[in-house]
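Written below as structure tokens is the structure these notes are about.
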2 protein chains.
Amino acid sequence: MNQRYVIIGGSAAGPKVASKIRRLDQNAEIVIVQKSKNLSMASCGYPYFVGGVFDNPTLLVATPTGAPRNPGFFSKVKGITAYVETEATAIDRENKRISIKNLVSGEVQEIPYDKLAVTTGAEPIKPPIEGINLDGIKTLHSLEDAVALKEMVKNDGSKKKAVVVGGGLIGIETCEALQLAGVQNTVVEMLDQVLPFLDWEMAKLVENHIKSKGVEVLTQDGVKKFHGKDGHIVSVELQSGKIIECDMAVVSIGVKPRTKLAGDCGIVIGTKGGIQVNRFMQTNDPDIYAAGDCVEVTNLITHEKQLWPMGDAANLQGRVAAQNMVYGNIEEYEGFIGTGICKVFDFTAGSTGLSEKMAQREGYENIIKVTHAAPDKPGFMGAKPVIMKLLAVKTTGKFLGLQAVGTGDVAKRLTTAAMALHGRMCISHLTNLDLPYAPPFSPAIDNFITAIHVLENKWRNYMVGISCVELKEKMDQGEQPFLLDVRGEDEYKVLRLGIGETLIPLGKLRTSLDLLPQDKKTEIVTYCKISLRGYEAAIFLNSQGYENVKVLEGGIVAWPYPHE
Amino acid sequence: MNQRYVIIGGSAAGPKVASKIRRLDQNAEIVIVQKSKNLSMASCGYPYFVGGVFDNPTLLVATPTGAPRNPGFFSKVKGITAYVETEATAIDRENKRISIKNLVSGEVQEIPYDKLAVTTGAEPIKPPIEGINLDGIKTLHSLEDAVALKEMVKNDGSKKKAVVVGGGLIGIETCEALQLAGVQNTVVEMLDQVLPFLDWEMAKLVENHIKSKGVEVLTQDGVKKFHGKDGHIVSVELQSGKIIECDMAVVSIGVKPRTKLAGDCGIVIGTKGGIQVNRFMQTNDPDIYAAGDCVEVTNLITHEKQLWPMGDAANLQGRVAAQNMVYGNIEEYEGFIGTGICKVFDFTAGSTGLSEKMAQREGYENIIKVTHAAPDKPGFMGAKPVIMKLLAVKTTGKFLGLQAVGTGDVAKRLTTAAMALHGRMCISHLTNLDLPYAPPFSPAIDNFITAIHVLENKWRNYMVGISCVELKEKMDQGEQPFLLDVRGEDEYKVLRLGIGETLIPLGKLRTSLDLLPQDKKTEIVTYCKISLRGYEAAIFLNSQGYENVKVLEGGIVAWPYPHE
């Protein structure tokens, strides 16, 4: 008897489960039940379609060679039956069958299964705000959403305006897409920052960049009401009272797992709201597996269960589930470490592992951290800056996470850090990494390694650092350390912090001791563009008997506040 | 009493030792003795200077902010004395002093030390070939070399020709530089391939790309004689008898460590010809440390000592040596894993860990390997191919190495693999990596992870692969497997291997069984552009009872032989 595999959900995890099962069992009967019209959509690509990177929506459901992944493709190429525009309405675990309903014809039928995969994904959260159902208010979650939004932003000569509600990853990608499509837009975010996976000061650098592209960003504000005229949105009223006129709004305040179908038949839903699975992606019913945005999985840094609705995780989980459905539980999905990345105009911004905020939330009380800014290759090769913030456990040196932003190659440094986390490495494992070095690709010592060196320097008390946030707080409280900018005069002329600093170029410092405070207990904060010269200056001042010298970490490049 | 630190050698490791010592001990007396006129040269940047990426040689000795690192800079900014054009002629270990000689004035003096660092680097190998001292024959090892070579290739209207002797990393970078500078050049290499850190078939893909740029590449041939006229080179005569007319030649057949000074005073030289150091970069004399191209260090994969003359390693070793010189042996340099990368026109080529050839040489007899080709991001984002070859130990799944070439983002995948090697990871650690995914940066499952999946598929016998080399050997011996190309007809029209294959597009395979050999024991080799469809075809054929089906790994993209 051929095994019958049924998969409910056909976006990312589902088709992966089905395709992998086919590769492992050519005789199996495999059925995908998909509510939408489309299958196997590259949903992370929607913003790039809307933004005009490409215009053919078929590419979002095509194989690398351009074949659209429709039911005909699944049938002909893979021998998989895919029912689209078909909803699974119930799971009968006792009799091992599911009820499905064709949403076009209304036809209802039952399908038996030997093993079932629930890959029902997530759905966008639509808050109960007055006016939310007006025309012109969209989410960017389905291919239909993407096509509709692209139609709305189409250049018809009028200058359109949009409001993006939510400054998370999807919100920021959407904001870029709209702006690139010629739509003037405003991002509204309840929190005090965009991209909540970053710490405030890192997110602020991204926000500054977004604003430099003409986007308005409003933080610490939320939507009170959508105003309409003839059923179509005309403005957004914020909790602050501000009213923004607009032609459209995109709501991107997050997603929630679709678990009703599973929950209704007694499959256990976890405390975070996702389907509970073991490391084999198996639910409490041994014949039912689940994968993708609808499950909760283990954060390998904190060892807590968490929702992690990411396209790459869904695919990996699907591959694991399929193997276990066919062969029994032979393959583990251990969890994720929390890696995310997005392109934001000329910037790339991302994080892996824990941010400082997350670490605090998780109860870490003994953290060592550093902010580091540096060009991503030698100057003569056209270097671009990467600003990084790293965290480790102070007692053990265990590496905890990296955030990185900038116009340089951020993705490679996040990759390095993600692998360090997967390898559970400590500072001492990371100081002498043998990474691929040649001038077109990195400085002789890669930025990530240098950042580890600085972290080690702080850890060993070779260096005392102060973050931009700490310095700002100090000064806001009325303290005024002696601020020492050690760049060249030419650099100072072009750009300066303008916070009461004194300029003494590093090369003149040894002969300019008279310009320094004579009280050796004075708090001195040194810096330069990236605070490498700032570090050398601090060491020299220490040798001159100054007892309270700190380096402004990341220097001017990492300074998120206004400057002159 | 202030400590006296003396550093012999001022290229890469030396200045790093000196600068780091200064950061750790502001009162120390620090002296660098450098034979050349220049200090702290970015020698890996020479090819890009010659090739015209930039024209100001000062950038090769400048800090990130543009300050030239000359004796004045070291003195003023760092408080370090640097003697240039000065040779260290002897080390007197008993009295802890060295003799130095100013090469301009001839003046001789002795300098005492408490701790000494030997960072004398390496020198280019100049083979004893007739005519090697003719004008116009250069190496590309020093800044003087680079400036002289740039002068030679300067566009004066004449069409110049060059011969590059040696197809290793420096040779290939030089070849690109010369070609970009408008010089027609020929690379001559004794081995049967360029870039010896790659396996033959991977190197061949790079060679094909180099040739497509108009460079002539001659392998398995060496230089017999340089012919000159009026003391200047006019042609190169090869061992094959071929004569190549040229205006210049660059000899880049490797480097050897400069160890005479150290050896003369009884410092132990290792079996590989480099100065022997422990993991603290300390020689057999506890007061003498060594770092950079002149030492031999541990290969962390094979645990053998090896020469590893790389700029990044030199810097890292210098940082370690400095800390140990100041504080006693507190910091370890454990070794390297063998990571190298180079840009070759539009290609990037690199390797980390072991190649198949190296693994064989090291005695590995039970290896699992795979070749994998795939686009480096989704097609709609402008994907470019990356071709990878991975190795692991068959019994344990321990990951051993990655080679990668192509126009896509090779550096990031090498970084991932290098970190996997540093973390001593196995296949099972690598199947579900949480890497930074978004469409501008990678496919939903990153190429490296997919390659690991294919390796796992082979490991578990889900898939039987055959490499291009194995297939070619088979056919050269007269065997003719049934070759099944499963791409689309449109693709086949544009490009095909032309080795007697049959085309049956994957979508038609289920209904085209009559076109296949009827003997189920026939050896069948399936493939497509990258052999993903080839893999699906193979699985289907297995299910139809075919017992000897293999997938051509990497498909057409990884095929290094001529095709139609």
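Annotations
- A Förster radius of 35 Å combined with the Cβ-Cβ distance from B:VAL464 to B:MET190 puts the calculated FRET efficiency at roughly 0.45.
- Reduced Cα scattering model of region A:137-253, Debye log10 I(q)/I(0), q = 0.11, 0.21 Å⁻¹: -0.33, -1.20
- Region A:340-459: Cα Rg divided by the 2.2 N^0.38 Å rule of thumb: 1.01
- Of all aspartates and glutamates in the structure, those lying under 14 Å Cα to Cα from A:LYS78, and not within fewer than 8 positions of it along the same chain, are A:ASP25, A:GLU29, B:GLU536.
- Normalised contact order of chain B, rounded percent, pairs of Cα under 8 Å and 6 or more residues apart: 11
- Within region A:383-479, none of the trypsin sites (Lys or Arg not before Pro) combine a DSSP coil assignment with at most 10 other C-beta atoms in a 10 angstrom radius.
- For a label point 7 Å along the Cα-to-beta-carbon line of B:GLU85, residues of region B:94-131 with backbone N under 18 Å: B:100-109
- Per-residue [θ]222 nm for the protein assembly as shown (sum of -39500 (n - 2.57) over DSSP H runs n ≥ 4, rounded to 500): -7500 deg cm²/dmol
- Cα-based Rg of region A:190-287 normalised by 2.2 N^0.38 Å, two decimals: 1.59
- Net charge dipole size for the protein assembly as shown [Lys, Arg +1 and Asp, Glu -1 on Cβ; Debye, nearest 20]: 220
- Of all beta bridges that DSSP places with both ends in region B:137-253, some 40 percent have antiparallel geometry.
- Förster radius 60 Å - calculated FRET efficiency between A:LYS384 and A:GLN26, Cβ distance, rounded to 0.05: 0.75
- Computed over the Cα atoms of region A:483-531, the ratio of the radius of gyration to the Kirkwood radius (Rg/Rh) comes to 0.95.
- DSSP assigns beta bridges within the protein assembly as shown; of those with both partners inside it, close to 55 percent run antiparallel.
- Compactness of region A:496-564 was expressed as the Cα radius of gyration divided by 2.2 N^0.38 Å, which yields 1.07.
- Long pairs among B:LYS256/B:LYS305; B:LYS16/B:LYS305; A:LYS161/B:LYS384, criterion Cα-Cα beyond 27 Å: A:LYS161/B:LYS384
- Length-normalised contact order for region B:219-321 - Cα pairs under 8 Å, 6+ apart - percent: 16
- The ranking of B:MET152, B:MET41, B:MET325 by Cβ neighbour count inside 10 Å, starting from the fewest, reads B:MET152, B:MET41, B:MET325.
- Each residue in A:ILE243, A:ILE267 was given a count of other beta-carbon atoms within 10 angstrom of its own, and listing them fewest first yields A:ILE243, A:ILE267.
- For region B:413-484, the list of GluC sites (Glu not before Pro) that fall in a loop by DSSP and count at most 16 other C-beta atoms within 10 angstrom reads B:GLU479.
- With bins 10 Å wide beginning at 0, the percent of Cα pairs of the protein assembly as shown falling in each bin runs 2, 9, 17, 21, 20, 15, 10, 4, 1, 0, 0.
- The mean number of partner chain beta-carbon atoms within 10 angstrom of a residue's beta-carbon across peptide B:416-424 is 6.
- Exceedance of the 23 Å cut-off in Cα-Cα distance is limited, within the set A:LYS493/A:LYS529; A:LYS474/A:LYS508; B:LYS343/B:LYS377; B:LYS357/B:LYS394; B:LYS357/B:LYS472, to A:LYS474/A:LYS508.
- Extending 7 Å from the Cα toward the beta-carbon at both B:HIS303 and B:VAL268 defines two label points whose distance is 1.8 nm.
- For A:LYS150, the aspartates and glutamates whose Cα falls under 12 Å of its own Cα, not counting residues fewer than eight places away in the same chain, are A:ASP55.
- Gyration tensor over alpha-carbon atoms, region A:237-284, equivalent ellipsoid semi-axes in Å: 39, 11, 10
- In chain A, a dipole from Cβ-located charges (positive for Lys and Arg, negative for Asp and Glu) runs towards its positive end, and of A:GLN26, A:ALA291, A:SER11 it is A:GLN26 whose Cα lies farthest in that direction.
- Estimated inter-spin distance, B:GLN518 and B:SER75, nm [label 7 Å along Cα→Cβ]: 9.3
- Dipole of chain B [Lys/Arg +1, Asp/Glu -1 at C-beta], most positive-end residue of B:GLY555, B:ILE368, B:THR352: B:THR352
- Note on chain B: with charges restricted to the Cβ of Lys and Arg (+1) and Asp and Glu (-1), its dipole about the Cα centre is near 840 debye.
- Remark: spin-label model distance A:ASN95-B:GLU110 equals 10.3 nm, labels positioned 7 Å along the Cα→Cβ axis.
- Cα convex hull, region A:116-195: 131 Å³ per residue, rounded to a whole number.
- Loop-located GluC sites (Glu not before Pro) in region A:30-106 whose Cβ has at most 12 other Cβ within 10 Å (DSSP): A:GLU94
- Per-residue HN-Hα couplings for region A:117-132 [Karplus 6.51, -1.76, 1.60; θ = phi - 60°; Hz; x = Gly/Pro]: 10, 9, 10, 8, x, 10, 10, x, 6, 10, x, x, 9, 4, x, 5
- DSSP-defined antiparallel bridges as percent of all bridges, chain B, nearest 5: 55
- Set of aspartates and glutamates with alpha-carbon distance to A:LYS159 below 13 Å, sequence-local pairs under 8 removed: A:GLU245, A:ASP247
- Residues B:ARG4, A:ARG533, A:ARG510, sorted so that the one with the fewest Cβ neighbours within 10 Å comes first: A:ARG510, B:ARG4, A:ARG533
- Rg over Rh, two decimals, chain A (C-alpha only, Kirkwood Rh): 1.03
- Taking the label point 7 Å along Cα→Cβ, A:GLN109 and its counterparts in the other copies are spaced 9.6 nm apart, in ascending order.
All of the numbers you see were taken from the coordinates with simple rules; none came from a lab. Note that the coordinates shown come from a computational prediction; the quantities given were computed from them, not determined experimentally. Here Cβ is always computed from backbone atoms with ideal geometry, including for glycine, and neighbour counts include all displayed protein chains.
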